[in-house]
Amino acid sequence: MTRSVRVGAAQLGPIARADSRESVVERLLVLLRDGAASGCDLVVFPELALTTFFPRWYLDEGDVEIAGDTTELDSYYETEMPGPLTQPLFDEARRLGIGFCLGYAELTPDGHRYNTYVLVDGGGDIVGHYRKVHIPGHEMHEPERQFQHLERRYFEESPEGFHVHKAFDGIVGMAICNDRRWPETYRVMGLQGVEMILIGYNTPLHYAPDPSQNPLQAFHNHLVMQAGAYQNGTWVIGVAKGGVEEGVESLAQTAIIAPSGQVVAQAATIGDELVVASCDLDMCEKYKKTLFDFDRYRRPEMYGLIAKTGGPRALVEGDPDALKEQHDE
Ligand code: CDV
């Protein structure tokens, strides 16, 4: 019997700064019920799916660690999951017998702030969490920008990395937005046998550090996720918060991508939309056992630099020390 997971990629349109959590959760519930009506086992929501994308504003003149009364900044974080306002999602998922994956800003009891995904099974129980590894943007206010991208101010980098979970009859991993651009994200999970990677994103079409990339946003989005899927023999579910949110236009293009690298289903709108496909997890084997038979063909002893080095090093061609360093580590 094949292992098939029917997935609903629950794209969201904009969430306004003034929108209440209750109104957003109502939208998520509509998509969850839509997923259940479409026979889905799992509905995947995007990154930071409960609020507007608040890193676009410099919200605090001082330090991010704010004591005392809750500020606007603090109001964007969840201190518990589920909390009183998100419990209805868990209850409805349990009632419908459908799992979900939800992105949110997490404030831990000991004061850490993460950009987090939670994976919940069809019984309403938490399977696991993922905290974003690659945090893009900047730390300080840059008033010359059209809008800020202060993720590096408001979130810490995950100290935990990429893990996979036995769930939905397969091996499931999570990644968030900027993670999808890095081949290591997929490979680290590929090496754990991942069969489906869930990726939520908020990607503004305008990229301030190099606007020449603006017209390539859609191309780059699918390029990296299709490559990650194919090169690791895994399904990839890419889910956007798209549309024009508080004046900032973000990429939609939610897609379900097969281990062949093919897009099998894609959003047609830039608003709330459920994109559904049945994902045959056994299809992963075709790639994992042939071209990408890691045990047979990978040469980890050739890749030492990948785990050892952040930025590029000047390695002089033919320099025996440099070559030794590259291969030995
Ligand atoms: N939310 C994100 O991680 N966004 C980044 C932008 C800033 C480039 C992305 O990689 O899409």
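The values are calculated or read from the model by the stated rules, or taken from the named source; none is laboratory data. Please read these numbers as outputs of a predicted model, since none were measured by experiment. Methodologically, a virtual Cβ is constructed for each residue, glycine included, from the backbone with ideal geometry; neighbour enumeration extends over all protein chains shown. Note: accessible area is taken over every heavy atom of the protein model, side chains too, but ligands, DNA and RNA are not part of it. Shrake-Rupley method; radii C 1.70, N 1.55, O 1.52, S 1.80 Å.
Structural remarks
- Scanning the stretch 232-258 for residues that are of a type in the set (D, E, K, R) and open to solvent by less than 10 Å² (accessible area, probe 1.4 Å) yields Lys241, Glu245.
- Tally of residues being more than 10 Å from the ligand (Cβ to nearest atom) and not in a strand (DSSP E or B) across the stretch 164-183: 3
- Complete set of residues in the stretch 212-231 that are crowded, with 24+ Cβ neighbours inside 10 Å and in contact with a helix residue (DSSP H, G or I) (Cβ under 6 Å, 6 or more places away or on another chain): Met225, Gly228
- Filter result for Gly62 (surrounded by fewer than 22 Cβ atoms within 10 Å (Cβ to Cβ) and modelled with pLDDT under 95): yes
Residues are listed down the side, and each one gets a yes or a no for (1) farther than 19 Å from Leu50 by Cβ; (2) in contact (Cβ under 8 Å) with a residue 12 or more places away in the chain; (3) touching a helix residue (DSSP H, G or I) at 6+ places or on another chain (Cβ under 6 Å); (4) not β-branched (Val, Ile, Thr):
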| residue | (1), (2), (3), (4) |
| --- | --- |
| Ile135 | no, yes, yes, no |
| Glu139 | yes, yes, yes, yes |
| Tyr154 | no, yes, yes, yes |
| Ala167 | yes, yes, no, yes |
| Ala175 | no, yes, yes, yes |
| Asp179 | yes, yes, yes, yes |
| Trp182 | yes, yes, no, yes |
| Val194 | yes, yes, no, no |
| Ile199 | no, yes, yes, no |
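- Residues that are of a type in the set (Lys, Arg) and at pLDDT below 95 are absent from the stretch 287-297 altogether.
- Counted residues, the stretch 16-36 - those being of a type in the set (A, V, I, L, M) and open to solvent by 50 Å² or more (accessible area, probe 1.4 Å): 2
- For the stretch 291-305, the set of residues classified as surrounded by 12 or more Cβ atoms within 10 Å (Cβ to Cβ), of a type outside the set (Gly, Ala, Ser) and assigned to a helix (DSSP H, G or I) consists of Phe294, Leu305, listed by residue number.
- Verdict on Val316 being modelled with pLDDT under 90, touching a helix residue (DSSP H, G or I) at 6+ places or on another chain (Cβ under 8 Å) and either β-branched (Val, Ile, Thr) or outside any loop (DSSP other than H, G, I, E, B) (or both): yes
- Pairs with Cβ under 6 Å, 6+ apart, first in the stretch 219-235 and closer than 14 Å to Gln266 by Cβ, second in a helix (DSSP H, G or I): Met225/Arg180
- Among the candidates Arg145, Arg152, the residue that is in a helix (DSSP H, G or I), within 13 Å of the ligand (Cβ to nearest atom) and either farther than 30 Å from Leu205 by Cα or open to solvent by 10 Å² or more (accessible area, probe 1.4 Å) (or both) is uniquely Arg152.
- Of all residues in the stretch 102-128 being away from the ligand (no atom under 16 Å from the Cβ) and among the hydrophobic types (A, V, I, L, M, F, W, C), the one that is surrounded by the most Cβ atoms within 10 Å (Cβ to Cβ): Val120
- Test for Gly238: is it modelled with pLDDT of 95 or more and within 16 Å of the ligand (Cβ to nearest atom): yes
- Residues that are within 14 Å of the ligand (Cβ to nearest atom) and under 16 Å from the mean Cα position of the chain (by Cα) were ranked within the stretch 184-212; the one that is nearest to Ala167 (Cα to Cα) is Ile199.
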